[in-house]
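First the structure, in the form of structure tokens, and then the observations on it.
The values are calculated or read from the model by the stated rules, or taken from the named source; none is laboratory data. What you see is a predicted model; the values in this text were computed from it and never measured. Note that each Cβ is placed from the backbone with ideal geometry, even for glycine, and that neighbours are counted across all protein chains shown. Just the protein is used for accessible areas: all its heavy atoms, side chains included, with ligands, DNA and RNA removed. Shrake-Rupley method; radii C 1.70, N 1.55, O 1.52, S 1.80 Å.
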Amino acid sequence: MRNQFTDSPADVQSKLRSAKSLCLDLLLPKAEVLAICVSIGHEYRDRIYNPMIVVWMFISQVLSKDHSCQQAVTRLNAWRVARGLAKVSSVTTAYCKARCRLPEELFEQLLAWTSCRCEQVTDESWLFHNRIVEMVDGWTVMMADTDENQEEYPQMTSQKRGCGFPIARMIGVFSLATGAINHTAIGPYKGKQTGETALLRTVIDRILPGRILLADRYYANFWLLAAGEMRGIDLVARAHHLRKVDFRRGLKQGYLDQVVGYRKPQRPKWMSEEEYAKFPSLILVRHLKYKVEQKGFRSREITLATTLLKAEAYPAEDLASL
């Protein structure tokens, strides 16, 4: 599939900015959108604003400097005129209604399809020790202020009713090689089991075995380290801020490089007894410390926790580069 991506980055950006392109000439997955609609049982009438057209109008709307629906319809008309087709009404109502009818699952599966295409053209030089590295991070988003969103994604309690917007928490697992988001999870901003680690647990089964997951210290707890090991996934993260790291203990593999054991904590309230019993009573974790020096800034010491235990295969310098 390498020959399908022959345009330079400048050419791609130019096409995305072009009103005549509408992205349809660049990457038009009509068959994929249609196949997904069929697979998820999404029924529609094959008119001007069918799912294939609306998806790429929406994408061009997000990528353009002017995010208005009016400009999205204008780009559609420019694209139609360039192909000898009649213009549609400049009123945006039909487009907005068609966009609202698109199911979320359609975009989820399109995201998976896009990330798969990116991985198919991944160069070996982009890999880390011939392995794909995926990164996880979280963020929050404001939702449209509707009754349905207020119920599912309540606004912050510090805001008075009617003075704030529904807020949701999201995480994304994206490829370090391609930059494509492979998986996402969304949940309420507040409440029990709505944090980033809880959201990651909902998608960790989708991460393929043999991959490396790169995360910040918030994720370096026993449950995620063990869950990754059980699924053939290695985790690299800064050591959790609540864990005391003593390099005088453990199996030494070099200067400030050790292997220690993490014992299974008591069962948390959110975990069933059956799930708790599946976790091992002890896992081995490697700690290593390195110094970050940047001109004009103070030197910082970073301590990593990882399930990549072999120092010969994964030198400390290589892990520090991640």
Query raised in the report: Normalised by the number of residues in the chain, what is the relative contact order in percent for Cα pairs under 8 Å and 6+ residues apart?
Result: 10 percent
**Report entry** Rounded to the nearest 10 Å², the accessible area of Arg83 at probe 1.4 Å
**Finding:** 100 Å²
Query raised in the report: What size of dipole, in debye to the nearest 20, comes out for the chain about its Cα centre when the only charges are +1 on Lys and Arg C-beta atoms and -1 on Asp and Glu C-beta atoms?
Result: 700 debye
Query - Where segment 222-304 is the region considered: accessible area per residue in Å², 1.4 Å probe - result: 68 Å²
Report summary line: Order by accessible surface, 1.4 Å probe, largest leading, for residues Tyr49, Tyr218, Tyr95 comes to Tyr218, Tyr49, Tyr95
Requested in this report: Could you provide, to the nearest whole Å², the per residue accessible area of segment 160-206 with probe 1.4 Å?
Outcome: 49 Å²
Query raised in the report: Relative contact order for segment 189-322 using alpha-carbon pairs under 8 Å, separation at least 6, rounded to a whole percent?
Result: 22 percent
Report task. Taking all protein chains together and a probe of 1.4 Å, list Ser68, Ser175, Ser39 from the most accessible to the least accessible. Result -> Ser39, Ser68, Ser175
Query raised in the report: Once fully extended, how much extra length lies between Tyr290 and Val203, figured as 0.36 nm per residue of separation less the alpha-carbon to alpha-carbon distance?
Result: 28.2 nm
Query raised in the report: Per residue, how many Å² of accessible area does segment 23-134 show with a 1.4 Å probe?
Result: 58 Å²
Query raised in the report: Cα-based Rg (one decimal) and Dmax (whole number) for segment 80-217, in Å?
Result: 19.4, 56
Query raised in the report: Where a Cα-Cα gap under 21 Å defines reach, which lysines qualify for Lys264, not counting those fewer than 8 residues away within the same chain?
Result: Lys244, Lys278
Query raised in the report: Between [x] 18.1; [y] 16.1; [z] 22.1, which matches mean projected area of the Cα convex hull in nm² calculated for the structure shown?
Result: [z]
Report summary line: Once Thr122 and Asp246 are pulled to full extension, the length gained, defined as 0.36 nm per residue separation minus their Cα-Cα distance, is 40.7 nm
Query raised in the report: For the chain, which whole-number percentage of the solvent-accessible area (1.4 Å probe, protein heavy atoms only) is attributable to carbon and sulfur atoms?
Result: 52 percent
Report summary line: With every protein chain in place, the accessible area of Ser115 for a 1.4 Å probe, in Å² rounded to the nearest 10, comes to 10 Å²
Query raised in the report: What ³J(HN,Hα) values, in whole Hz, does the Karplus curve 6.51 cos²θ - 1.76 cosθ + 1.60 give for segment 312-322 when θ = phi - 60°, with x put for Gly and Pro?
Result: 5, 7, 10, x, 4, 5, 5, 5, 5, 5, 5
Report summary line: For Asp123 the rounded accessible area (nearest 10 Å², probe 1.4 Å, non-protein molecules ignored) is 60 Å²
Query raised in the report: To the nearest 0.05, how large is the calculated FRET efficiency for Ser64 and Arg300 if R₀ is 51 Å and r is the Cβ-Cβ distance?
Result: 0.80
